[in-house]
Every structure is written in C-alpha cells, then in structure tokens.
1. Would you please put 74-86, 106-118 in order of how densely packed they are, using the mean number of other Cβ atoms within 10 angstrom per residue and starting with the highest?
2. What is the set of long-range amide H partners of residue 137 at a cut-off below 5 Å, with H atoms built 1.01 Å from backbone N?
3. For the stretch 224-240, take each phi angle, set θ = phi - 60°, evaluate the Karplus expression 6.51 cos²θ - 1.76 cosθ + 1.60, and give the result in whole Hz per residue in order, putting x for glycine and proline.
4. For an R0 of 56 angstrom, estimate the FRET efficiency from the Cβ-Cβ distance between residue 114 and residue 22 and round to the nearest 0.05.
5. So who's got an amide H within less than 5 Å of the one on residue 56, skipping anything under 5 residues away but keeping other chains? H placed 1.01 Å off N, in plane.
6. So, by mean Cβ neighbours within 10 angstrom, what's the order for 131-142, 277-288, 310-321 with the highest one leading?
7. Which percent of the accessible area of the stretch 120-172 is formed by carbon and sulfur heavy atoms (probe 1.4 angstrom)?
8. Kindly write out, for the stretch 130-146 in residue order, the coupling ³J(HN,Hα) from the Karplus curve 6.51 cos²θ - 1.76 cosθ + 1.60 (θ = phi - 60°), rounded to whole Hz, with x marking Gly and Pro.
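The values are calculated or read from the model by the stated rules, or taken from the named source; none is laboratory data. Treat the numbers as computed from the prediction; the structure is a model and nothing was measured. In this analysis, Cβ positions are derived from the backbone assuming ideal geometry, glycine residues included, and neighbour counts consider all displayed protein chains. Note: accessible area is taken over every heavy atom of the protein model, side chains too, but ligands, DNA and RNA are not part of it. Shrake-Rupley method; radii C 1.70, N 1.55, O 1.52, S 1.80 Å.
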Amino acid sequence: MTANFGSKEAGSRGGKATAKKMTAEQRAERARKAAEAKWAKQGKLPPPTATHAGDLVLGETEITCYVLEDKSRVVSTRGMMKALGRTWRGRKYSGTDLPVFLEAKNLSAFIDSDLHAVLSSVEFRTEKGTRAEGLRAEVLPKVCEVYLRAREEGVLTAVQERIAQQCEILMRGLAHVGIIALVDEATGYQRDRERHDLAKILESFVAKELQKWLPTFPLEFYELICEVRNEPIERAYKRPAYFGHITNNLVYSRLAPGVLQELRKKNPAGKSGNRKHKHFQYLTPDMGHPKLKEHLEGVKTALKIAKKTGADWNGFLELLDVTHEKYQPAPLFEDQDEAAE
C-alpha cells in the first residue's frame, strides 16, 4: 500500500512538473484530451466546443457569449443572471424545469411553448477545453418579454419590478432577430462565416417560386415611419416610390445575410424602375415569411421607442443599427453591381 501511495505521489509531482514546462495551448490540449477520455469511458459523447467567444455589451451590462462548433449561439448562465439584475448563486434549479429567474408562479401565464423549447441549459467546452454551461442566446429577449408582459398586467412583485426595468433596458439593445447578429459580432464569428453558410440561409429564406400574395406590411409600420420622419401621415397610404428604399434599408437588408441581393435577383426592376411583384412574395412560407413578420415587429418597437423619446430619423437609425444590424453585401454577391438601387 505504502509503495502504491508513493508511486501516485511521484506521478502527481511529475505531472505538475511537466505541466509547468508546457505552453498554455499545450495544457489546454491535454485537458481537452483528458476530458474526452473521461467521457469516452462513461460512454458519453463530448459536448460541442466553443469556436468563438466574446463579451456582448448592452449599455452597462456585459454578457459573455459563445458560438459553438454546431453553430449554436450561447450566453453564459452567470451573465444572464447579471443582465437581469439577479445575484448568481450557482446553477440551481428549485425542483421545477425552469431556471431561477422564471420559476415564480406569477410568471407562468406568460411563458409560452416557444420559450419552453429553448430553456434547457447547454453544456459545452470552452476553447481551452474546460466544461461550461449556458443558455441559448434567443432566451434573453424572450425572458425580457415575459417580465414586460407581466408588468403590463400588473402582477409583478417589487423585486420583479426592478428586473422588469432591467429587461426594458436590455430590449432597447437587442431584439429577436438582432441577438444572433450581436453575438456573431461580439465573438468575431461573422468574419468567419463560410460561403456555404450563406447559401443555406438563402435557401431557407428565399423561395424558388413565387408565393401567394398575402397582406404583410401593416399600415401602422408606414404610419410610424411618417411620424418619426415628421412627414404627412397621408404618405403612409400613398407610399411614394422612396418608401421602397426605406423598406429595403429597415427590413430586407437586415433580415438575413444576402437576402436583399437574392430578392433583387429574383424580382428585378423593369425599365420603368418598378418591380412586377412584391419582394416578400419570394420569401419561403416556413422560414422567410415568419421571420419577416417577426422582424417587422422589432422594427416597429424601435420606431415606437424613437417616437416616445423624441428621437429624429437619424436617432432611430442609430437605434436600429444596434437592435437589427444591417448586413453588408454577402460574398456570394460581391461581383454584382448594387449601385442601381
């Protein structure tokens, strides 16, 4: 027994000595391989590794976020708690399937099935190989909506009111569509998107055939534009030609990478400058059209905030650039001349 203990101690000292001689990258690689060996011994698949990491800055709040090798965007659980103004007490769940910031009974009526679907914690490895846990990035704006809707109904406690105030601040810095772009920017992932990723986005957003015409852009959208631009409200009904340029700027250029260019290709302007169809008629019914309507709600929210705060059109665009980042022309279209529009 004594000899065995001596052997273990000698091995431990030898391991520490070896570690001191290794670079940080070599130590991380050794830790990664050790973790993989442990998971393999337990018959488990190793969790995905973070390929990109960074800090998402929203006002005075910083949230550590990651992009995983399976393309999932994740925010740290600790950062999520801090963003909501809650004290971090470790990864604790109190007997329910909900995280601590949503377990209160008075919030249950405002938690829909879409939120339930993304509330499960995500286990992953950092770039250094250490185990980490977080939540899908889409959770953050959805949780904020829960508190803001509950506040509208007047059911929050005094403590929850403070959380709702924080949620209102956060919602000014992000939206359902914008969160993905913000995480990609914070982590540097947007610079490493591969060309085939853009092709997949276009395939899911832009339909191959013309879709049935359905009313999509609500009158309120154009009325808000007129109010923030300080233009006669009648233009919301007549919609002069330059409203098309405004719509491209506020909506299609921010919907997803390359979508506006692909829609222009599918729906070209004629000699008169007019298009035969509406751009949204070329969006897919299962992805493109629902995302368009979701995006419109986000833009309307930004317009309402600008209107309420007295911001001018340029102030509104600055807000929109934060909540719904404008995508630059995609590499797939880098040879196309966009100057015509």
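1. On the way: 74-86: 20.3, 106-118: 13.3.
Per-residue mean Cβ counts within 10 Å order the peptides as 74-86, 106-118.
2. 73, 74, 75
3. After applying 6.51 cos²θ - 1.76 cosθ + 1.60, I find 5, 4, 4, 5, 6, 7, 6, 10, x, 5, 4, 5, 5, 8, 7, 6, x Hz.
4. 0.75
5. 63, 64, 65
6. Numbers: 131-142: 20.3, 277-288: 18.3, 310-321: 14.8.
Result, highest mean Cβ count within 10 Å first: 131-142, 277-288, 310-321.
7. That fraction is 43 percent.
8. 7, 6, 8, 9, x, 10, 4, 4, 5, 5, 4, x, 5, 5, 4, 5, 4
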